[in-house]
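Sharing a structure below in C-alpha cells format, with a few things to ask.
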Amino acid sequence: MSTRSLFRFVSWTVKPDREPDAAPVTHLYRCTSEDEAGNVCGAESARTEDGASAEDWALRHAAENPDHRSYAYAPELPYVATTPELFGGHPEPEGAA
C-alpha cells in the first residue's frame, strides 16, 4: 500500500476586511520628538476609533511641551487574507474587494 499526497498551490491576497464583524479602524499618535541628549519622548495618545480625539491629544501634548513638534501617526486597519477557494473555487467576484 502506498500513500499519495496532492499539493495545490493557491494564490493568497490580503485585502481590507469590510465585513460587519471586522475590527474597527483605530488611530494613535506618538510623540517622536527628541531632547538634547537624543532621547525620544515616546508619549502616546490612547488608541481610539475617534481619529479627532487622538489628534487632539497630539495638539495638547505639543501645547504642554512646545519643543515636541514631531509625531508619528499609527492608524490600525483590519485586513483579511483570502484565496479563491473562499469564493466557491472561483476568483473573487468583481467589486468584492
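Test of understanding: what is the full-extension gain from D21 to A81, defined as 0.36 nm times their sequence separation minus their Cα-Cα distance?
Taking D21 through A81 to full extension adds about 20.1 nm, to one decimal.
For a protection proxy built on the mean count of beta-carbon atoms within 10 angstrom, sort 11-17, 53-59 highest first, please.
53-59, 11-17
Then there's this: Can you work out the Karplus-derived ³J(HN,Hα) for every residue in segment 28-45? Use 6.51 cos²θ - 1.76 cosθ + 1.60 with θ = phi - 60°, whole Hz, and x for glycine or proline.
With the stated coefficients, segment 28-45 comes to 8, 10, 10, 6, 10, 5, 10, 8, 4, 8, x, 7, 7, 4, x, 4, 10, 6 Hz.
To continue, here is another question. What is the sum of charges around A54, taking Lys and Arg as +1, Asp and Glu as -1, for the other residues whose C-beta is under 14 Å from the C-beta of A54?
Every neighbour counted, the sum reads -3.
Could I ask something else about it? Taking the radius of gyration and the Kirkwood hydrodynamic radius from Cα positions alone, what is the Rg/Rh ratio for segment 27-75, to two decimal places?
Reported Rg/Rh (Cα atoms, Kirkwood Rh): 0.98.
None of the figures in this text is laboratory data; all of them are computed from the coordinates on show. What you see is a predicted model, and the numbers here were worked out from it, not measured in a lab. Because the Cβ atoms are built from the backbone with ideal geometry, glycine has one as well, and the counts that use them run over all protein chains shown.
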